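Beneath this line is the structure, given in structure tokens, with notes to follow.
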Amino acid sequence: MTKPLAAPKGVYDVVGADSARWDALEARFYETAARYGYARVRIPVLEHTDLFVRSVGEATDIVRKEMYTFPDRAGRSLTLRPEGTAGMVRCFVEHSLDQQGLPWKASYGGAMFRAENVQRGRYRQFHQLGVEAIGVDDPALDVEVVTLGWDFLTGLGLADVTLLVNSIGRPEERTSYVGILGKYVEQTVPDLGPDDRERLKLNPLRILDSKDPRVQEALAGGPKLRESLGPDSLSHFEDVQSGLGALGVPYVVDDTLVRGLDYYTSTTFEYTSGALDAAQNALGGGGHYDGLVEMVGGPSLPGIGFALGVERILLACEAEDVLAPGGGVVDVIVLVAGDTGTVARLVVKELRDAGVKTDTAYGGRSLKAQFKHADRIGARVALVIGERDLDRGVITLRDLGSGEQVEIPVEETVQRVREVMDR
Ligand code: AMP
């Protein structure tokens, strides 16, 4: 026997009820985004490596350690996208979408790839749903984007979600803060661990995400990024907060929320779930970016967006018992008793044409085996087409939930099935 092949580590299949929940989640997301005026775009999974190096940033964990990068057959370096914003911005620039009226508002979704340490809620191929609004600098647009994500998550029925917001200001404001922060941390915790040393050297703001309790304690009493922000950044942040307050969107200001990617400026935000383990509790997040469109070769335009993790949201839905899978794959199964296959197939077609999810049994199995199959696939109604019944113009309808069974005239099939489904 050939040894069966398994999917690579950190990569998995979505089947059965999980797949149904997944579809429901995606549909809800694109509906919500559409209500806010964000049209769906589809961007590729493969991009030039340089796009991510330039945008996400050379010093980030993603670019340094996590990208799936390989030369194509002509020797060009390509990368499986580790996130969606860079590709969205590239798409905006490549098609001169700034000509179509700003802000350009769009949603996207799909698989992202990062070579991570795999654990529950952290995979190598995972999926994000996101939006971007590019071209206008207005705190009200930040409020719209943050509210969209909040509406989507709470609209799923999730109750234990917290919205964290912060402002990381402009790059020059951050530079001044980073200097102060680095000195403070080195003085307060002189024997930093190797991880934190590397963070301070390569991407100093990430020290705020340190796992070392001593560093976290020092940071609690240390200098705050907000203290380095100028009046414009502060007033933008205040407007975002008052805008959220006016719409009744509850938020918590988190001084340490800097997020991992280089391109963020000004507003940053994250949605966390209290129903998930603390280490993997971020459902998604995003922020405002100022230099990104230019970095990718476009005009100097700001943007704001977020990305939500599908797997994390599904885990939170499971933990909070919302977004339950709705029924089986089909509602009705047509069973064949005797030489009635031709009529059965016509009944199947009629139901399908009428919009009823219908299947039938294949392979000439016994009626008992067909009922077992009906049960396995979770059908709600079985229609049994028997030879002698057909002579009288009737078929048998069985409600598989209650076990109730009636004879119905063949021509009333669609109507009678609907009556049972509506119960
Ligand atoms: P990021 O692009 O890192 O800000 O991630 C946004 C969201 O995507 C996170 O909050 C998670 O919900 C999800 N996410 C990021 N990385 C992974 C991963 N490796 N596996 C599963 N979900 C992820």
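For (1) in the same structural domain as ASP290 (by TED's automatic domain parsing); (2) under 16 Å from the mean Cα position of the chain (by Cα); (3) among the basic types (Lys, Arg); (4) at pLDDT 95 or above, each residue gets a yes or a no:
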site: ARG28; (1), (2), (3), (4): yes, yes, yes, yes
site: PHE52; (1), (2), (3), (4): yes, no, no, yes
site: CYS91; (1), (2), (3), (4): yes, no, no, yes
site: SER96; (1), (2), (3), (4): yes, no, no, yes
site: GLY110; (1), (2), (3), (4): yes, yes, no, yes
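Would a scan of region 391-404 turn up a residue that is part of a helix (DSSP H, G or I), in contact with a strand residue (DSSP E or B) (Cβ under 9 Å, 6 or more places away or on another chain) and farther than 21 Å from ARG352 by Cβ? Step through it out loud before you land on a result.
Quick first cut of region 391-404, residues part of a helix (DSSP H, G or I) only: 391.
Restricting the remaining residues to those that are in contact with a strand residue (DSSP E or B) (Cβ under 9 Å, 6 or more places away or on another chain) gives none.
The answer is no; no qualifying residue exists.
For region 1-50, how many residues meet the condition of being touching a residue at least 12 places away in the same chain (Cβ under 8 Å), acidic (Asp, Glu) and within 16 Å of the ligand (Cβ to nearest atom)?
Residues in region 1-50 being touching a residue at least 12 places away in the same chain (Cβ under 8 Å), acidic (Asp, Glu) and within 16 Å of the ligand (Cβ to nearest atom): 3 in total.
For region 279-296, which positions are touching a Lys or Arg at 6+ places or on another chain (Cβ under 9 Å) and within 13 Å of the ligand (Cβ to nearest atom)?
ALA279, GLN280, ASN281, ALA282, LEU283, GLY284, GLY285, GLY286, GLY287
If you take the residues of region 104-115 that are under 14 Å from ILE43 (Cα atoms) and aliphatic (A, V, I, L, M), which of them is surrounded by the fewest Cβ atoms within 10 Å (Cβ to Cβ)?
Once the filter is applied, the top-ranked residue is ALA111.
Hey, VAL118 hits all of (1) surrounded by fewer than 20 Cβ atoms within 10 Å (Cβ to Cβ); (2) more than 13 Å from the ligand (Cβ to nearest atom); (3) of a type in the set (Val, Ile, Thr) but one; which does it fall short on?
The number of the failed condition is (2).
Read through the list (1) buried (at least 16 other Cβ atoms within 10 Å of the Cβ); (2) part of a helix (DSSP H, G or I), then give the number of the only condition that VAL165 fails.
The number of the failed condition is (2).
Inside region 181-250, counting only helices (runs of 4 or more DSSP H) that do not spill past its ends, which hold 1 or more residues that are touching a Gly at 6+ places or on another chain (Cβ under 8 Å), in the same structural domain as THR154 (by TED's automatic domain parsing) and not aliphatic (A, V, I, L, M)? If you could, list the steps in order and put the result at the bottom.
Numbers: elements: 194-202, 213-220, 231-246.
So the answer is 231-246.
Pull out all pairs, ordered by first then second residue, where Cβ-Cβ is under 6 Å, the residues are six or more apart or on different chains, the first lies in region 305-333 and is near the ligand (Cβ under 9 Å from one of its atoms), and the second is part of a loop (DSSP other than H, G, I, E, B) and modelled with pLDDT of 95 or more.
Filtered contacts from region 305-333: ALA307/GLY84.
State which residue is nearest to PRO204 (Cα to Cα) when the search covers only region 262-278 and only residues that are within 14 Å of the ligand (Cβ to nearest atom), out of contact with any helix residue (DSSP H, G or I) (no Cβ under 7 Å at 6 or more places or on another chain) and in contact (Cβ under 8 Å) with a residue 12 or more places away in the chain.
ASP262
Mind listing whichever residues of region 121-140 are modelled with pLDDT of 95 or more, outside any strand (DSSP E or B) and within 11 Å of the ligand (Cβ to nearest atom)?
TYR123, ARG124
Quick check: anything in region 158-174 free of Cβ contacts under 8 Å to residues at least 24 places away in the same chain, under 27 Å from GLY57 (Cβ atoms) and hydroxyl-bearing (Ser, Thr, Tyr)?
no
Matching residues to (1) polar (S, T, N, Q); (2) closer than 21 Å to PHE92 by Cβ:
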| position | (1), (2) |
| --- | --- |
| GLN119 | yes, no |
| GLN125 | yes, no |
| LEU129 | no, yes |
| ALA133 | no, yes |
| VAL136 | no, yes |
| VAL143 | no, no |
| THR147 | yes, no |
| PHE152 | no, no |
| LEU156 | no, no |
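The values are calculated or read from the model by the stated rules, or taken from the named source; none is laboratory data. Remember, predicted model here, so these are calculated numbers, not experimental data. Here the Cβ is made from the backbone with ideal geometry for all residues, glycine too, and neighbour counts use every protein chain on show.
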